[in-house]
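Written below as structure tokens is the structure these notes are about.
Each value in this text was obtained by applying a stated rule to the coordinates, not by laboratory testing. Note that this is a predicted model, so its numbers are computed, not measured. Every residue, glycine among them, receives a Cβ derived from its backbone with ideal geometry; neighbour counts consider all protein chains shown.
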Amino acid sequence: MAQSVLLTGASGRVGQAILEGLADEREYEWRLLDRDPPTGDRDYPGEFVVADITDEEAVREAMEGIDAVLHLAGDPRKTAPWESVLPNNIDGTQTVYEAAVDAGVDKVAFASSNHAVGAYETDERTPDMYREDDEFQLDGTELPRPGNLYGVSKATGEILGRYYHDEYGLSVVCVRIGNLTKDHPPIDYERGQAMWLSHRDCAHLFDRCIRAEYDYEVVYGISDNDRKYYSIERAREVLGYEPRDNSADHG
Ligand SMILES: NC(=O)C1=CN([C@@H]2O[C@H](COP(=O)(O)OP(=O)(O)OC[C@H]3O[C@@H](n4cnc5c(N)ncnc54)[C@H](O)[C@@H]3O)[C@@H](O)[C@H]2O)C=CC1
Ligand SMILES: O=C1O[C@H](COP(=O)(O)O)[C@@H](O)[C@H](O)[C@H]1O
């Protein structure tokens, strides 16, 4: 039977990468949600709900009949001020989890970020840790260590997921996404190359978040980069993630 999937933040960069890769997937019935209305220059594979995730009523309505949620909507700026991350990233995420539980949704994949752990990149460790021969690695079992308020909001989204899993049995996977760019990794940016996530690996990873069975997980969402300082072993093990790209293959 087809799975009904709610994709929040569908108009954004990550949402578009996922839809590019999975739009033809016949096993999914998409419901797309964004506060920005769809633009005429793109094809959307499902019903489009124009709503703000801080609007509890609208989110509850959008959640009806949904099996899995890919929750991407939020302010992605690392410089985002508290006035924005509090409503968009924290309140909005709590509204999504709460509505998911009430609607009997099975699983939620939450778009967390490398910035939830950005402060591990100390002056002593960088830039060496961005390089292939350095052994420092984070694997998702470490405590969050944000270096900005945006990172704080993502760490909070992870903790909210823990709560909704433990109290209500919701399956939650928090994907600490690295740096998504199209066609090739960031140029002249070692950090970005170490945490590159290609578009096709992004679509595949979120596909696995819909299909796999899990309880509560924190995984890193990057391609199989030689330079990586984030382990992707947990994503491989629990989700069956098999990335095909590596920033080292791009000059
Ligand atoms: N692009 C990247 O490399 C990374 C992205 N992420 C996370 O992935 C998610 C998506 O990021 P991007 O696609 O890059 O950002 P984006 O800005 O391109 O897309 C975000 C979308 O969410 C929508 N949105 C924002 N606040 C909303 C609200 N209150 N209600 C409804 N819709 C709202 C926006 O209209 C936009 O279409 C974000 O949560 C971001 O923090 C995390 C790490 C890296
Ligand atoms: O969470 C995010 O991280 C990526 C990578 O961070 P950066 O500091 O190396 O640029 C960023 O591009 C993206 O906008 C943000 O949402």
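State, to one decimal in nm, how far the label point of Arg145 lies from the label point of Asp166, with both points 7 Å from Cα in the Cβ direction.
Reported label-point gap for Arg145 and Asp166 is 2.2 nm.
Does the chain come out rounded, prolate or oblate by the C-alpha gyration tensor, with a ≥ b ≥ c the root eigenvalues, rounded set by a/c under 1.5 and, if not, prolate when a/b is larger than b/c and oblate if not?
The shape class here is prolate.
Students often get this wrong: which residues of the range 120-153 have the backbone nitrogen under 17 Å from the point 7 angstrom along Cα-to-C-beta of Glu237?
137-143
Dipole magnitude of the range 177-251 about its Cα centre, charges +1 at Lys/Arg Cβ and -1 at Asp/Glu Cβ only, in debye to the nearest 20?
Working: 10 positive and 15 negative charges, 24 e Å.
Taking the Cα centre of the range 177-251 as origin, the dipole is about 120 debye.
What dipole magnitude, in Debye to the nearest 20, does the chain give about its Cα centre under +1 on Lys/Arg Cβ and -1 on Asp/Glu Cβ?
With only Lys, Arg, Asp and Glu charged at Cβ, the dipole is about 300 debye.
Rg/Rh for the range 33-156 to two decimals, with Rh computed the Kirkwood way over all alpha-carbon pairs. Display every interim value, and only then the final one.
Values: Rg = 17.4 Å, Rh = 16.4 Å.
Ratio value, two decimals: 1.06.
Taking a cut-off of 25 Å between Cα atoms, list the lysines near Lys78, but don't count ones fewer than 8 places away on the same chain.
Lys154, Lys182, Lys228
Sort 66-73, 154-161 for me by packing, meaning the mean count of neighbouring Cβ atoms within 10 Å per residue, highest on top.
66-73, 154-161
Specify the inter-centroid distance of the range 1-17 and the range 104-135, based on alpha-carbon positions, in whole Å.
With the range 1-17 and the range 104-135 each reduced to a Cα centre, they are spaced 23 Å.
With an 8 Å Cα cut-off and a minimum separation of 6 or more residues, compute the relative contact order for the range 81-176 in percent.
So the answer I get is 47 percent.
What dipole magnitude, in Debye to the nearest 20, does the range 1-120 give about its Cα centre under +1 on Lys/Arg Cβ and -1 on Asp/Glu Cβ?
Values: 9 positive and 23 negative charges, 111 e Å.
Here the range 1-120 has a charge dipole of around 540 debye.
Under the definition of Cα pairs under 8 Å and six or more residues apart, what whole-number percent is the relative contact order of the chain?
Relative contact order, the chain: 18 percent.
Given the peptides 195-206, 88-99, arrange them by the average over their residues of other C-beta atoms within 10 Å, most packed first.
195-206, 88-99
Treat each spin label as a single point 7 Å out from the Cα along the C-beta direction, and report the Asp43 to Glu132 distance in nm.
Using points 7 Å along Cα→Cβ, the separation is 3.9 nm.
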